[in-house]
Structures are given as C-alpha cells and as structure tokens.
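Okay, structure first, notes after.
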Amino acid sequence: MGFPSDFLWGAATASYQIEGAAQTHGRGECIWTRFSHTPGKVQNGDTGDAACEHYFRYQEDVALMRELGLQAYRFSISWPRVIPAGTGKINTAGLDFYDRLTDELLKAGIQPWATLYHWDLPQVLEDKGGWTNPDVVKQFADYTDLMTRQLGDRIHGWITLNEPWCSAFLGYMMGVHAPGLKDDAAAYKAAHYLLLAHGEAMPIIRRNAPQAKAGITLNLSPHVPATDSEEDAKLAQLGDGFGNRWFLDPLFKGVYPADMVEIARPALEGIDLAAVKVAAAPNDFLGINYYMRFMVTSDPTAPGGRREQFPPDAKFTEMGWEIYPQGMADMLLRVHKEYGPIDLYITENGAAFPDPAPTNGVVEDSQRVDFLKGYLAAAESAIAAGAPLKGYFVWSLLDNFEWALGYSRRFGVVHVDFKTQQRTLKRSALYYRDLIAASVAQPA
Ligand code: FCB
C-alpha cells in the first residue's frame, strides 16, 4: 500500500475497558463501575473489575505491541485512578502506573498517545450531576493540569475527550451508557460542558506540554438518505446535525449549528449557547473514530417516523454496523473540506466478529483481516484525494470490555482468554504487523 513513509501506525484501548484492578491501589469508583454493577445494565452482568488485567500485565502488553511493530499506542487515563474523588486528593499509586506505562512504551520505541477522558468519570462527580454540572469544567481542567504536568514531557499526542457525543447522548439521553439517564435537557447540558471542558483544557495542555500534539476525538458517521425523496434527505441532514455537526461546528466554528438549535430548542433551556465559542481553541489535529454509516428512510409506522435501510447486499459486523469503507474516505474528505485545514487521525477503526477459538497459537479471524484491508484501502484513497490523514489506530489492541455489551463482543487484534488472561495473536494482528513493516521499509 502507498502510505506516506511518516504515516503513524498504532492501536488504541481505553482504561475502563482493559485495566481491571478496579479496587486496587486506591482507585476510586467511576460511573462505569457503578453502572456495570447495576443489575440489567450490562449484558451478562459483566463488569470491568478485572477486564484484561492490563494494570498488572502492561509490560507483557507493551511487549506484544513491540512484536507487532506498533509505532504508537493510544491509551486512556482513568481519572478516578489518579484523583479518586474527581477533585482534590491525588492518588500517587495511580500516577505511578501511568508513569511506568509511558516509560515502558518509550523504552519499546512506541509513541505514547493519551486520552484524558474515555468515559470513566469519577462517581463522586456524577453524584453531583457529572457532566451536567458546570463545575466539571474546572475539575476537568485541574485533572488535565495534573496529568500534563506529570507526563507532559513524554506523551506525543494528547486527546482531551473521546467521543463526547457518546458521553452526552448515550449516557444522559438514551440511558444505554453510564450514568444511564434518559433526559434530553441533561444530555444537551452534558454535551455543552464537555465542549467547554475541551476548550478550557487545550491551553493547559499547550502550557504544560508545548512539544506534544493536542486535539480531540469524535465519532463521526455519514448519514445518507436511502432514497432520493425529500423526506429522506431531510432525515439524513438531521442525523448529520445531531451526530456530527453538534460537535464539529462548535469545535471549528465556535457556534452550534443553527438548524439544529431550532430543533433542539426545548431541551436547551438554561444553556448559554454562545459560551461554546471557547470550544474552538485551536487543535493540532482532529481524531476521528470511524465505525459505520447510517442510511435512513422515512417510515410513518416506525418509531420517530424513520428507520434504517441499507442496500440489499450490505454486509455487517457483529455489532450490526455496516461494512462500507468508502464511508470513511468520504468522511475524511468532507471534514477536510468543511472544517480544515487540520491534520486528521483515525484514532479508532475496527470490528467485532464471532472469532473462532485459538488453534495452534493463532486465531484465524479472516473477517477482521478483510475488514482492515478494506478500510486501509479507503484510508489510502482518501490520502490520494487530498485528505491530510497522518495516522491510523486500530481498535483495539486487545479483546476487552465492550461497554453495555460486556465481553460478548471481541474487537481485539489480539485475543484475550478472560479466564486465564492468556493473549493470543489473531491473524489480523499478523496482517497489521506485516503491513506496518512494509510501510516503514519503503523509501521516503
Ligand atoms: C467506540 C469507543 C470504544 C469502543 C468502540 C467499539 O465508540 O470509543 O471505546 O467501544 O466504540
């Protein structure tokens, strides 16, 4: 494949999904601890209490990354592991862990990329309203200050927030993620303070880590009409406004999208919408987590008057997400055109499939290999068409705790046996290793 020789190849994970050690060395409770321990919230009653035990096995995991030739590793920091009550007293054991992990990565020649918030809000803060409480902005700024002072000399890339859309809308509107609320007004408030928190954190990162790149990661999906009817076009526009522009516009233009403000108005009461201009602090890059495209058609008999409708030959992952690599290329080019110029990274892309069991020391996950081939070809074509895509992080390094679906969905390129904690490379990991090696070897 013809990727630029300085293209950055990585893999991504998140603290609550892999670390385990939930009650170890002074870690505080997070909203996912609470949510997963609430009966009926997570499939099979799974929790992240043990997960991949990465907290204890990080050296083995970094060794695996090295074996795969990864150039970068995107992990997230657990806020309640370093500040158990969200604010105030610091837990040195927690800080030490991220110090050791960072140094282990550097020793292995792997760039550490850290996400400050990948969904594990300290429960103590949630008890006071969490992301709907304006105080969270200052609390996040203080936490950012602590972490960027601690690791600022060594982290190559900082990501303030992972997918604030999910934090706000899955967490506070749809109730399927922690904290499990179903309250539209709360969700828009959460979205607002997430955006403000990002904006306030950026200058702090710059000050404490002037050498590092800094940005934010959004989950972006094309919303396309299933037919050429006017209704479907409108629905797609609405889906795009809610799913993409509600964050893109504040981050790059400093304002909420006017068409969506009209629609959401009843739920926006009490929010100082103009304050969102602080979210437009300059970023070095935008991280895009790319998983799927939405295709929508109007249907008066369906809930909300709409339903998904995909082409008859469409293929899906085990999540029910359509496999359509061209959608990723389209999104990269669109963001570049409408919101650029800014460097882009795919900070997550990957798939869950019902993998076969490990045999002879490998998992033959041919579907994931095909998935990666397709999406990497799309990445390459987007670059050729002018998208400033600088790197790609596969989701995920390890099979892990997939939020409300628990351990029932495996996204890793490395298989994890959750009983024995044994790691086994999948064919996709070997494919990725070879691709990285070939890409690095090519003449500049
Ligand atoms: C993304 C999340 C990540 C993982 C993937 C499958 O939305 O950022 O933690 O769960 O989906």
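Which members of the range 112-131 meet the condition of being closer than 16 Å to Pro84 by Cα and either without any contact (Cβ under 8 Å) to a residue 24 or more places away in the chain or open to solvent by 10 Å² or more (accessible area, probe 1.4 Å) (or both)?
Listed by number, the residues that qualify are Trp119, Gln123, Val124, Glu126, Asp127, Lys128.
Conditions: (1) part of a loop (DSSP other than H, G, I, E, B); (2) at pLDDT 95 or above; (3) away from the ligand (no atom under 16 Å from the Cβ). Asp370 meets all but one. Number of the miss?
(1)
Collect the residues in the range 165-187 that are part of a helix (DSSP H, G or I), of a type outside the set (S, T, N, Q) and either within 16 Å of the ligand (Cβ to nearest atom) or open to solvent by less than 20 Å² (accessible area, probe 1.4 Å) (or both), keeping them in residue-number order.
Here is the first cut: in the range 165-187, the ones part of a helix (DSSP H, G or I) are 165-172, 184-187.
Subset that is of a type outside the set (S, T, N, Q): 165-166, 168-172, 184-187.
If the condition is that a residue be part of a helix (DSSP H, G or I), of a type outside the set (S, T, N, Q) and either within 16 Å of the ligand (Cβ to nearest atom) or open to solvent by less than 20 Å² (accessible area, probe 1.4 Å) (or both), then Trp165, Cys166, Ala168, Phe169, Leu170, Gly171, Tyr172, Ala186, Ala187 are the ones that fit.
Quick test for you: out of Ala72, Ala22, pick the one residue that is open to solvent by less than 30 Å² (accessible area, probe 1.4 Å) and in contact with a helix residue (DSSP H, G or I) (Cβ under 8 Å, 6 or more places away or on another chain).
Numbers: Ala72 fails: in contact with a helix residue (DSSP H, G or I) (Cβ under 8 Å, 6 or more places away or on another chain).
Step by step, each of Ala72, Ala22 is checked, and only Ala22 is open to solvent by less than 30 Å² (accessible area, probe 1.4 Å) and in contact with a helix residue (DSSP H, G or I) (Cβ under 8 Å, 6 or more places away or on another chain).
Among (1) away from the ligand (no atom under 16 Å from the Cβ); (2) in contact with a Leu (Cβ under 7 Å, 6 or more places away or on another chain); (3) within 30 Å of Lys41 (Cβ to Cβ), where does Val414 come up short?
The number of the failed condition is (1).
Examine the range 343-358 for a residue that is open to solvent by 30 Å² or more (accessible area, probe 1.4 Å), on the phi > 0 side of the Ramachandran plot and out of contact with any helix residue (DSSP H, G or I) (no Cβ under 6 Å at 6 or more places or on another chain), and state whether such a residue exists.
Checking the range 343-358: not a single residue is open to solvent by 30 Å² or more (accessible area, probe 1.4 Å), on the phi > 0 side of the Ramachandran plot and out of contact with any helix residue (DSSP H, G or I) (no Cβ under 6 Å at 6 or more places or on another chain).
Go through Ala351, Ala404 for me and flag whichever is more than 17 Å from Ser221 (Cα to Cα), within 16 Å of the ligand (Cβ to nearest atom) and either in a strand (DSSP E or B) or under 20 Å from the mean Cα position of the chain (by Cα) (or both).
Values: Ala351 fails: more than 17 Å from Ser221 (Cα to Cα).
Just a single option satisfies the conditions, and that option is Ala404.
Evaluate the following for Asp365: is it open to solvent by less than 10 Å² (accessible area, probe 1.4 Å), touching a residue at least 24 places away in the same chain (Cβ under 8 Å), within 15 Å of the ligand (Cβ to nearest atom) and acidic (Asp, Glu)? Outline the logic, then answer.
Values: open to solvent by less than 10 Å² (accessible area, probe 1.4 Å): yes; touching a residue at least 24 places away in the same chain (Cβ under 8 Å): yes; within 15 Å of the ligand (Cβ to nearest atom): no; acidic (Asp, Glu): yes.
No; evaluated as a whole, the condition is false for this residue.
Inside the range 36-56, can you point out the residues that are closer than 22 Å to Lys128 by Cβ and open to solvent by 10 Å² or more (accessible area, probe 1.4 Å)?
Selection gives His37, Thr38, Lys41.
Just one of Ala50, Ala12, Ala21, Ala108 is within 16 Å of the ligand (Cβ to nearest atom) and modelled with pLDDT of 95 or more; which is it? If you could, list the steps in order and put the result at the bottom.
Values: Ala50 fails: within 16 Å of the ligand (Cβ to nearest atom); Ala21 fails: within 16 Å of the ligand (Cβ to nearest atom); Ala108 fails: within 16 Å of the ligand (Cβ to nearest atom).
Of Ala50, Ala12, Ala21, Ala108, the one residue that is within 16 Å of the ligand (Cβ to nearest atom) and modelled with pLDDT of 95 or more is Ala12.
In the set Asp120, Asp135, which member is out of contact with any Pro (no Cβ under 8 Å at 6 or more places or on another chain) and at pLDDT 95 or above?
The match here is Asp135.
Pairs please, first residue from the range 312-330 and closer than 22 Å to Glu380 by Cα, second anywhere and part of a helix (DSSP H, G or I) and open to solvent by 50 Å² or more (accessible area, probe 1.4 Å), Cβ atoms under 7 Å, 6+ apart in sequence or on different chains.
That search, which allows pairs on different chains as well, returns Ala329/Ser381.
Within the range 387-399, can one find any residue that is more than 18 Å from the chain's Cα centre (by Cα) and at pLDDT 95 or above?
So far as the range 387-399 goes, yes, one or more of its residues are more than 18 Å from the chain's Cα centre (by Cα) and at pLDDT 95 or above.
Can you find a residue in the range 400-411 that is at pLDDT 95 or above, aliphatic (A, V, I, L, M) and within 21 Å of Trp32 (Cα to Cα)?
yes
Among the listed residues Gly2, Gly45, identify the single one that is more than 30 Å from Leu344 (Cα to Cα) and either away from the ligand (no atom under 15 Å from the Cβ) or in contact with a Lys or Arg (Cβ under 7 Å, 6 or more places away or on another chain) (or both).
Result: Gly45 is the single residue among Gly2, Gly45 that is more than 30 Å from Leu344 (Cα to Cα) and either away from the ligand (no atom under 15 Å from the Cβ) or in contact with a Lys or Arg (Cβ under 7 Å, 6 or more places away or on another chain) (or both).
In this structure, does Thr317 turn out to be within 16 Å of the ligand (Cβ to nearest atom), buried (at least 18 other Cβ atoms within 10 Å of the Cβ) and under 26 Å from Lys189 (Cα atoms)?
no
In the range 1-91, which helices (runs of 4 or more DSSP H) lie fully inside it and hold 2 or more residues that are closer than 22 Å to Leu435 by Cβ?
54-68
Considering the range 260-283 alone, what residues qualify as being closer than 30 Å to Val394 by Cα and either crowded, with 16+ Cβ neighbours inside 10 Å or among the aromatic types (Phe, Trp, Tyr) (or both)?
Filtering the range 260-283 for residues closer than 30 Å to Val394 by Cα gives 279-283.
Of everything in the range 260-283, those that are closer than 30 Å to Val394 by Cα and either crowded, with 16+ Cβ neighbours inside 10 Å or among the aromatic types (Phe, Trp, Tyr) (or both) turn out to be Ala279, Ala280, Ala281, Asn283.
The values are calculated or read from the model by the stated rules, or taken from the named source; none is laboratory data. This is a predicted model, so every value here is computed, not measured. With ideal geometry, Cβ positions are generated from the backbone for all residues, glycine too; neighbour counts draw on all protein chains shown. In case anyone asks, the SASA skips ligands and DNA or RNA and just uses the protein heavy atoms, side chains included. Shrake-Rupley method; radii C 1.70, N 1.55, O 1.52, S 1.80 Å.
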